[in-house]
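Input: a single structure, listed below in structure tokens.
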Amino acid sequence: MTLDEALNELNIEPDVTGGDALWMHRSIDGADWYYVTAPKGSGFTGTLDFRNNQGYAEIWDPVTGVMMSAEARRNGNRTSVTLDLPQAGSCFVVFRKNGKDIKNVEHSQQYHPIALATPWIIQFRDGWRFPIDELKAWKDLKELPDEDKAFSGTATYTTTFDAGEIEQGMRFMLDLGRVSMIAAVSLNGKPIRTLWTSPYRLDLTEAIQSGVNKLKVEVTGTWFNRLVYDAGQPEEMRKTWTISGPSKDEALRESGLMGPVTCWRE
């Protein structure tokens, strides 16, 4: 018989049900830990039902270390937890046996979008900088010559936005949209965080100020595009060498900040 048939025959309930997310369960003194990850090749948005009603349910972000209350609902000996994981995203669902009860969480935050100034200013090597009205992959920027469409390295994007008058308790968030591959974000000269995986989203609250703020995003791509470009150049003009790289006929990949970039206040 199948594993499901055997568990049913033994009257053993499934540990986790409700979707195609992948999971592992570890029980320790004082807590149950479930490591949950999105299915291969996709994200996961939905509710998982855990065979656990012990203690207080929390979501732990393995990338940032942030811990927050889970949006959870108890049903007998099981607990339903709502999750929203990006492609390749994961989290820990933790039930702490500390005597606290699970409370139903209702999200009622008000989102107030903040307009970013345009054009953005993008700067490449040697201080070369120019304005762009639309965020695109470097290979698609009409302002760049062919060699720089294959740029491999770090480009800096800057813009400003007006946060208005900041009051205590306000929270400000930034979402960079699509990025390839790594983005280091600074606000008003203060480094905030380096983002290397989806979602490219972070909290700006600790560095924001009333009125105009200056946003800087340093995006670093891989060296694939430069290898493609150099494969079509005479050896004396190449800047990169590798034992086995892409051919000159390979299509260039997306690198840079593609957005859309959104900023909002909660």
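Where a number appears in this text, it was derived from the coordinates with a stated rule and is not lab data. What you are looking at is a predicted structure, and each value in this text was computed from that prediction instead of being measured. Positions of Cβ are backbone-derived with ideal geometry, glycine not excepted, and every protein chain shown enters the neighbour counts.
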With bins 5 Å wide starting at 0, give me the P(r) of the chain over every alpha carbon pair, in whole percents.
1, 5, 10, 12, 12, 12, 11, 10, 8, 7, 5, 3, 2, 0, 0
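Can you pull the percent of Cα pairs in region 3-96 with separation above 20 Å? Walk me through the intermediate numbers first.
Working: 1505 of 4371 pairs.
More than 20 Å apart: 34 percent of the Cα pairs in region 3-96.
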Under 5 Å between amide H atoms, partner at least 5 residues away or on a different chain: which partners does residue 177 have, H built in plane at 1.01 Å?
200, 262
Magnitude of the charge dipole, the chain, Cβ model with Lys/Arg +1 and Asp/Glu -1, debye to 20:
500
Spelling out what I want: for every residue of region 157-166, take phi, set θ = phi - 60°, compute 6.51 cos²θ - 1.76 cosθ + 1.60 (Karplus), and round to whole Hz; glycine and proline get x.
10, 9, 7, 10, 8, 9, 7, x, 8, 8
Hz values of 3J(HN,Hα) by residue in region 34-42 - Karplus curve (6.51, -1.76, 1.60), Gly and Pro given as x:
10, 8, 10, 9, 5, x, 4, x, 8
Counting only helical runs of four or more DSSP H residues, what would the 222 nm mean residue ellipticity of the chain come to if each run contributes -39,500 (n - 2.57) and the total is spread over all its residues?
-1500 deg cm²/dmol
So which of 214/248; 136/190; 149/216; 136/248 end up more than 28 Å apart, counting from Cα to Cα?
214/248
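Sort 59-66, 13-20, 151-158 by the packing proxy (mean of other Cβ within 10 Å over each peptide's residues), most packed first. Each step should come with its number before you reach the end.
Details: 59-66: 12.8, 13-20: 14.4, 151-158: 18.1.
The densest-packed peptide leads the list: 151-158, 13-20, 59-66.
To the nearest 20 debye, what charge dipole does region 3-96 have about its Cα centre, counting +1 at the Cβ of each Lys and Arg and -1 at the Cβ of each Asp and Glu?
Result for region 3-96 is approximately 240 debye, rounded to the nearest 20.
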Among 243, 144, 83, pick out the residue whose Cα is farthest towards the positive end of the charge dipole of the chain, where Lys and Arg carry +1 and Asp and Glu carry -1 on C-beta, about the Cα centre.
144
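Show me 231-241, 77-87 ranked by packing, highest mean number of other Cβ atoms within 10 Å first. Could the numbers behind the result be given before it?
Values: 231-241: 10.8, 77-87: 17.7.
Those peptides, ordered most packed to least, come out 77-87, 231-241.
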